[in-house]
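Trainee: This is the structure I have questions about; it appears just below.
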Amino acid sequence: MDLHHRPRRNRKSESVRALCQETSLHPSDLILPVFFHSESTDHPIESMPGCTRWSLTGLADEAKRAFELGIPAMVLFPKVDEALKSSDGRAAASDDGIVSKAIATIRDAVPEMSIITDVALDPYSSDGHDGVVEQQPNGDLKILNDETVEVLCEQALCHARAGADIVSPSDMMDGRVGAIREALDTHGFQDVNILSYSAKYASAYYGPFRGALDSAPKAGDKKTYQMDPANRREALREVALDVSEGADMVMVKPAGPYLDIIREVRNEVQLPVAAYQVSGEYLMIKSAAAAGWVDEDKIIVESLMGIKRAGADMILTYFAKEACELIS
Ligand code: PBG
């Protein structure tokens, strides 16, 4: 054939392919979400095979392993004792709570690790909701916006006092980023970043996570605060509001089924963009691999590369440690 253009020339060898690679994946792109509890032993998480609910001692060792692999940050998810849960999630702001202890533990084990905390009430909510719950006369549950934001500010301050580097509101209440920024600044925490879950969808992909923390809504769903999976423009509106309220980084969640949203957000804002490969995405890969249907290692790297290519600067993923080993 008399071909002038032969794109395959740029794929002819490993080294030429390396030169032409447009997207790369580094350990420093990855954030490891971790689960922990106040018990003294580590427990495998039934709803998320391969993940562990750590004791504080186990958490310290996990932080060391992650940091040695090159992972710069962890995001903390506590499993809270049933007795501490209430309809307004007040225990979320308690200075002697398990999150404060976990921050101190990780800081001590790995001083350089960036510690990200989740700001939302669900682990502390007796109703399994991210905000303060009010029962309506007809029995429906209403998630109160402004009352929730007050508690979220207290929670963020509690995390900042304990030494969190970055607070990460995942609740989707209106106005919480601005309110948290003001609360942090007023109390001398100007250097604590806000990583906002800006476009967080009401997704069935969170199921295994709620199993891990025993935090599923007891009634109703999260559709009055998390976004409709059908909406794209609304994601840009949410992101624009968070940027104007002072977010330092914005997030799209879930990641894999929302690559178009990641790209739109990347094109729209100057801030770093994070994406969360959530528990359901993790489990779909894990279960297909366990059945022998897909090559786990290759799918891990490809799924993360896709999220990075879509425009994410950083990825929260339960595969963070495996991925570091696979790409090194
Ligand atoms: C709660 C929270 C959720 C996740 C992170 N923070 C669950 C939810 O919103 O119901 C999900 C993470 C995952 O599925 O891996 N604020």
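The values are calculated or read from the model by the stated rules, or taken from the named source; none is laboratory data. What you see is a predicted model, and the numbers here were worked out from it, not measured in a lab. Positions of Cβ are generated from backbone atoms using ideal geometry, with glycine treated the same way; all protein chains shown enter the neighbour counts. SASA here: full protein model, heavy atoms, side chains in, ligands and nucleic acids out. Shrake-Rupley method; radii C 1.70, N 1.55, O 1.52, S 1.80 Å.
Trainee: Of all residues in the stretch 109-134, count the ones that are within 16 Å of the ligand (Cβ to nearest atom), part of a strand (DSSP E or B) and open to solvent by 10 Å² or more (accessible area, probe 1.4 Å).
Mentor: 3
Trainee: Additional query: Within the bounds of the stretch 196-219, is there any residue that is surrounded by 19 or more Cβ atoms within 10 Å (Cβ to Cβ), modelled with pLDDT of 95 or more and more than 15 Å from the ligand (Cβ to nearest atom)?
Mentor: No; the residues of the stretch 196-219 include none that is surrounded by 19 or more Cβ atoms within 10 Å (Cβ to Cβ), modelled with pLDDT of 95 or more and more than 15 Å from the ligand (Cβ to nearest atom).
Trainee: Give the number of residues within the stretch 145-177 that are away from the ligand (no atom under 16 Å from the Cβ), within 22 Å of Gly220 (Cα to Cα) and either among the aromatic types (Phe, Trp, Tyr) or open to solvent by less than 30 Å² (accessible area, probe 1.4 Å) (or both).
Mentor: 0
Trainee: Can you name the condition, by its number, that Lys142 falls short on among (1) modelled with pLDDT of 95 or more; (2) not in a loop (DSSP other than H, G, I, E, B)?
Mentor: Failed condition: (1).
Trainee: Could you go through the stretch 257-271 and let me know if any residue there is more than 13 Å from the ligand (Cβ to nearest atom), part of a helix (DSSP H, G or I) and closer than 23 Å to Ile180 by Cα.
Mentor: Scanning the stretch 257-271, I find at least one residue that is more than 13 Å from the ligand (Cβ to nearest atom), part of a helix (DSSP H, G or I) and closer than 23 Å to Ile180 by Cα, so the answer is yes.
Trainee: Mind checking whether some residue in the stretch 274-281 is of a type in the set (Phe, Trp, Tyr), within 29 Å of Ile180 (Cα to Cα) and not in a helix (DSSP H, G or I)?
Mentor: yes
Trainee: Is one or more of the residues making up the stretch 298-312 within 16 Å of the chain's Cα centre (by Cα), within 17 Å of Glu22 (Cα to Cα), of a type in the set (Asp, Glu) and open to solvent by 50 Å² or more (accessible area, probe 1.4 Å)?
Mentor: No.
Trainee: Can you list the strands (runs of 3 or more DSSP E) lying wholly within the stretch 1-108 that have 1 or more residues being touching a His at 6+ places or on another chain (Cβ under 6 Å) and under 29 Å from Ser287 (Cα atoms)?
Mentor: 52-54
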